[in-house]
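The structure under discussion appears below in the form of structure tokens.
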């Protein structure tokens with residue numbers, strides 16, 4: 001049972017005492033103080049850098065099949081070469097960009113749709129809420145993996161756009177549910193009633209009064225979606241449902257598996273992209289935990305003084 | 001006769017990232033058997049924290065920094081969890097604020113009473129049923145409601161059910177934290193009346209925390225007024241209402257608009273309680289005090305006995321004997 | 001079912017009162033579409049508010065006072081009955097411009113200082129939005145000056161510094177003042193104050209009550225003050241309406257209602273009024289009584305279950321408001337007929 005701090009000192013509304021513009025600095029400081037956030041952000045920054053400037057790290061053309069085949073790791077080829085003589089390390093570095101693009105794109109689009117559907121349903125209520133909730137539930141019930149496979153095989157060969165589309169279609173419903181739930185709790189807040197009595201329109205209330213209070217959940221939604229996407233996109237590409245001519249970690253996994261990399265002793269070809277996927281997923285997951293802690297002070301580790309008996 | 005509950009030099013700190021905040025500062029209290037003690041103060045004064053400390057319910061980031069709590073001769077702070085369980089509910093019980101929301105919505109009233117009884121004693125099912133019906137009758141609820149679920153009872157009834165639950169083992173002391181604040185005005189007053197009746201009938205002592213002085217004015221034997229974590233004044237109730245010594249007590253009494261007599265201008269006590277992370281130097285009430293002296297912002301007043309009351313105010317100079325125990329206070333800080 | 005003509009109290013004679021309701025009723029259907037449970041939150045309320053006056057509506061939970069203020073704030077639509085503002089019926093306000101015309105003149109101050117201000121914005125947000133929506137003629141420096149002015153009027157000084165604060169940096173009392181400042185920025189005729197001091201510490205309440213009285217004097221605005229505390233109603237209001245179970249049970253000037261209450265419920269409220277100097281007047285026998293949830297009610301007085309002097313007629317005929325004095329009315333079959341009624345004397349006991 002926790003006892004609340006005395007009111008005049010601070011009375012933050014649960015999880016939402018942050019402003020739009022003015023919160024930037026506070027948020028920055030909070031991130032730096034939280035270890036999970038720093039690690040996660042650090043990882044993400046490194047990966048983003050690699051995605052933006054692959055040439056600086058691995059000048060070799062990843063698809064140039066000019067080296068010796070199936071070489072083990074060496075000074076020239078840090079991770080060895082593939083079946084047809086491409087440099088694995090180059091592939092890993094150059095594959096970062098597209099992987100990251102897919103992840104961020106799906107995350108952003110999913111979150112956008114979730115927010116629109118979820119918050120509108122919560123605020124408008126009535127028939128609109130019932131219909132939107134029904135829609136959300138339908139998309140939630142549909143088994144994801146079979147749908148992904150079916151859709152992907154229809155779009156086989158169409159590559160990145162197809163994967164993004166498929167993941168967004170199957171991924172938005174979860175976030176919509178969560179955002180609707182939080183929207184419902186916020187709906188009874190007096191400041192929303194106050195906005196109505198002021199004469200504000202519903203659109204204004206949703207966009208300006210409600211949404212900023214849901215930022216932590218929106219960010220969490222995005223991060224959660226990113227974690228989901230990293231793994232699932234790689235999985236789809238691994239199954240061969242991506243576009244083989246596009247360089248991503250998932251397609252690397254696919255080709256490594258097709259060519260029996262592990263059995264033929266060239267394990268790094270498969271392990272490297274796998275580890276990279278895990279690393280990217282972890283960075284988002286760490287940021288997700290960290291945002292939870294920042295937003296909800298009750299989750300933070302508290303210092304304890306050792307009490308000794310007199 | 002030794003006091004039933006003795007609190008000496010109690011201090012409670014909140015450990016925050018920004019430093020430690022002392023929410024309760026060196027509080028001394030005594031409750032005799034069968035006595036009704038009211039602790040009154042506004043939000044942030046530390047009264048609830050004090051109550052939690054007495055009931056051994058503090059949890060991080062709150063921590064007991066100093067002092068002792070002695071109940072029926074036993075030092076509560078050093079009791080282990082197992083021993084505490086023997087004492088809890090049998091010798092003392094607790095009724096929380098909005099206790100009606102502490103009831104499990106999935107269980108009937110009788111089931112919850114049974115849970116409580118089984119947690120603290122070994123009784124037959126028949127005995128449990130009898131006792132449950134008995135306590136309900138005590139608080140004026142028809143025992144037919146033993147089978148009811150919380151949502152089927154009104155707010156007032158739920159609150160009374162919680163009080164009944166606190167009386168299951170006829171404890172010597174019942175601690176209450178604003179048990180009526182969620183009720184309507186009339187229900188509040190009626191419930192207070194009932195609590196007093198029960199107290200007189202069963203003989204238990206009561207420690208009652210509230211922000212509403214008028215609620216306890218007719219029921220408590222002694223009244224303790226808290227401000228910014230400290231006791232500002234403590235006196236027999238009638239005495240305090242007749243002649244409040246501390247400017248804060250006076251201000252509180254004057255803040256109630258009267259329902260008869262001429263209308264006079266109320267001023268209340270403008271301003272707000274101090275930030276306990278950075279308490280003002282000298283008297284904590286000084287920034288809001290209408291009769292502050294220059295030295296009030298420099299010297300920290302001690303609690304001292306004046307005319308049958310204990311007051312912490314420089315308006316009442318020494319050489320009255322300060323209310324400090326002769327035995328050294330136990331320190332719980334490493 | 002119409003209420004009898006309610007004797008008007010302080011409305012200036014001859015002219016249309018600022019706000020008037022006629023048989024205002026609001027019901028809510030409980031449960032699903034097929035349920036027959038109808039909650040009668042407010043039934044047949046006919047009341048008036050004049051210029052420059054503070055009218056208090058006193059009642060406990062379930063009395064209908066919160067529903068009433070939300071009907072007047074156009075947050076609910078009446079099930080029956082009408083509301084007139086400066087002679088215009090509210091149902092005639094259809095276009096956005098009409099609605100904004102009303103909202104500019106009748107703003108609302110809310111009960112909970114901790115949730116009535118959006119925590120993500122500075123406290124200037126509400127005032128500025130009000131000015132943008134309702135006083136677009138003010139631009140730039142003039143707007144900022146007006147925001148500072150209303151903050152000063154409510155006592156939040158230095159205004160510029162206060163406007164820049166976030167809600168969590170302010171105490172409860174200060175936040176309520178922000179609520180009043182927001183309302184003032186509109187230059188309103190009537191402020192609907194929904195229990196503005198209930199959640200504040202006792203020592204802070206006086207400041208807000210005094211502010212309300214000051215607004216009536218200095219700014220000439222009327223205030224509808226909803227409360228459960230009849231003592232504060234006496235302190236600040238010119239007239240008092242007592243509500244119970246969706247009905248108005250007594251109405252009159254603050255002095256009359258308090259000194260000479262005619263309805264048994266008013267007596268009960270007075271007995272329970274928080275005043276540490278008063279003797280304890282509510283005993284535990286009242287513990288069984290609670291305000292009812294009025295669902296599918298039958299005829300008869302809704303207070304009869306708790307009434308110490310109820311007679312047969314009370315269970316059969318719903319009492320109507322009728323005059324018991326000059327500008328003083330009560331809805332009780334036994335008022336003022338029974339001379340032995342305790343409380344018929346001047347001192348209210």
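To keep it simple, each residue is scored yes or no on (1) touching a helix residue (DSSP H, G or I) at 6+ places or on another chain (Cβ under 8 Å); (2) at pLDDT 90 or above; (3) part of a loop (DSSP other than H, G, I, E, B).
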| site | (1), (2), (3) |
| --- | --- |
| B:250 | no, yes, no |
| B:257 | yes, no, yes |
| B:260 | yes, no, yes |
| B:267 | yes, no, yes |
| B:271 | yes, no, yes |
| B:283 | yes, yes, yes |
| B:319 | no, no, yes |
| B:325 | no, no, yes |
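Against the conditions (1) in contact (Cβ under 8 Å) with a residue 40 or more places away in the chain; (2) at the interface with chain A (Cβ under 10 Å from one of its Cβ atoms), residue C:129 satisfies every one except (1).
To keep it simple, each residue is scored yes or no on (1) farther than 23 Å from residue C:233 by Cα; (2) within 14 Å of chain B (Cβ to nearest Cβ); (3) touching a strand residue (DSSP E or B) at 6+ places or on another chain (Cβ under 8 Å); (4) crowded, with 24+ Cβ neighbours inside 10 Å.
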| residue | (1), (2), (3), (4) |
| --- | --- |
| C:53 | no, no, yes, no |
| C:59 | no, yes, yes, yes |
| C:62 | no, yes, no, no |
| C:65 | no, yes, yes, yes |
| C:68 | no, no, yes, yes |
| C:74 | yes, no, no, no |
| C:87 | yes, no, no, no |
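State all residues of the range C:236-252 that are within 13 Å of another protein chain (Cβ to nearest Cβ) and either in a strand (DSSP E or B) or within 21 Å of residue B:262 (Cα to Cα) (or both); if no residue qualifies, say none. Even if it seems obvious, please write down each step before you answer.
First, pick out the residues of the range C:236-252 that are within 13 Å of another protein chain (Cβ to nearest Cβ): C:236-238, C:240, C:242-245.
Residues satisfying the conditions are C:236, C:237, C:238, C:240, C:242, C:243, C:244.
Conditions (1) buried (at least 20 other Cβ atoms within 10 Å of the Cβ); (2) over 29 Å from residue B:215 (Cβ atoms), marked per residue:
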{"site": "B:86", "(1), (2)": "no, yes"}
{"site": "B:102", "(1), (2)": "no, no"}
{"site": "B:115", "(1), (2)": "no, yes"}
{"site": "B:122", "(1), (2)": "no, yes"}
{"site": "B:133", "(1), (2)": "no, yes"}
{"site": "B:136", "(1), (2)": "yes, no"}
{"site": "B:162", "(1), (2)": "yes, no"}
{"site": "B:165", "(1), (2)": "yes, no"}
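Here residue C:109 fulfils each of the conditions (1) in contact (Cβ under 8 Å) with a residue 40 or more places away in the chain; (2) within 11 Å of chain A (Cβ to nearest Cβ); (3) surrounded by fewer than 21 Cβ atoms within 10 Å (Cβ to Cβ) apart from (3).
Does residue B:88 qualify as being more than 12 Å from chain A (Cβ to nearest Cβ), free of Cβ contacts under 8 Å to residues at least 40 places away in the same chain and under 27 Å from residue B:221 (Cβ atoms)?
Values: more than 12 Å from chain A (Cβ to nearest Cβ): yes; free of Cβ contacts under 8 Å to residues at least 40 places away in the same chain: yes; under 27 Å from residue B:221 (Cβ atoms): yes.
Yes: the conditions hold for residue B:88.
Quick check: anything in the range C:251-264 under 16 Å from the mean Cα position of the chain (by Cα), touching a residue at least 12 places away in the same chain (Cβ under 8 Å) and surrounded by fewer than 24 Cβ atoms within 10 Å (Cβ to Cβ)? Looking for residues that are under 16 Å from the mean Cα position of the chain (by Cα), touching a residue at least 12 places away in the same chain (Cβ under 8 Å) and surrounded by fewer than 24 Cβ atoms within 10 Å (Cβ to Cβ), one finds at least one in the range C:251-264, hence yes. Here residue C:314 meets each of (1) modelled with pLDDT under 90; (2) within 14 Å of chain B (Cβ to nearest Cβ) with one exception, condition (2).
With (1) free of Cβ contacts under 8 Å to residues at least 60 places away in the same chain; (2) assigned to a loop (DSSP other than H, G, I, E, B); (3) at the interface with another protein chain (Cβ under 9 Å from one of its Cβ atoms) as the list, and residue B:244 as the residue in question, which single condition is left unmet? Looking at each condition in turn, residue B:244 falls short on (3). Out of A:140, A:132, A:116, one residue alone is assigned to a helix (DSSP H, G or I) and without any contact (Cβ under 8 Å) to a residue 12 or more places away in the chain. It is A:116. Here residue A:231 does not fit the description of being touching a helix residue (DSSP H, G or I) at 6+ places or on another chain (Cβ under 9 Å), surrounded by 23 or more Cβ atoms within 10 Å (Cβ to Cβ) and closer than 17 Å to residue A:96 by Cβ.
Counting only strands (runs of 3 or more DSSP E) that sit wholly inside the range C:16-108, those with at least 2 residues that are over 15 Å from the mean Cα position of the chain (by Cα) are C:19-29, C:38-45, C:80-85.
Given the structure, is residue C:233 within 12 Å of chain B (Cβ to nearest Cβ), over 28 Å from residue C:25 (Cα atoms), in contact with a helix residue (DSSP H, G or I) (Cβ under 9 Å, 6 or more places away or on another chain) and assigned to a helix (DSSP H, G or I)? So residue C:233 does not fit the description; no.
Only a single criterion out of (1) closer than 30 Å to residue B:90 by Cα; (2) without any contact (Cβ under 8 Å) to a residue 12 or more places away in the chain; (3) part of a loop (DSSP other than H, G, I, E, B) is not satisfied by residue B:200, namely (3). Restricting attention to the range A:43-63, the residues that are in contact (Cβ under 8 Å) with a residue 12 or more places away in the chain and assigned to a helix (DSSP H, G or I) total 9.
The values are calculated or read from the model by the stated rules, or taken from the named source; none is laboratory data. Treat the numbers as computed from the prediction; the structure is a model and nothing was measured. Cβ: placed from backbone, ideal geometry, glycine included. Neighbour counts: every protein chain shown.
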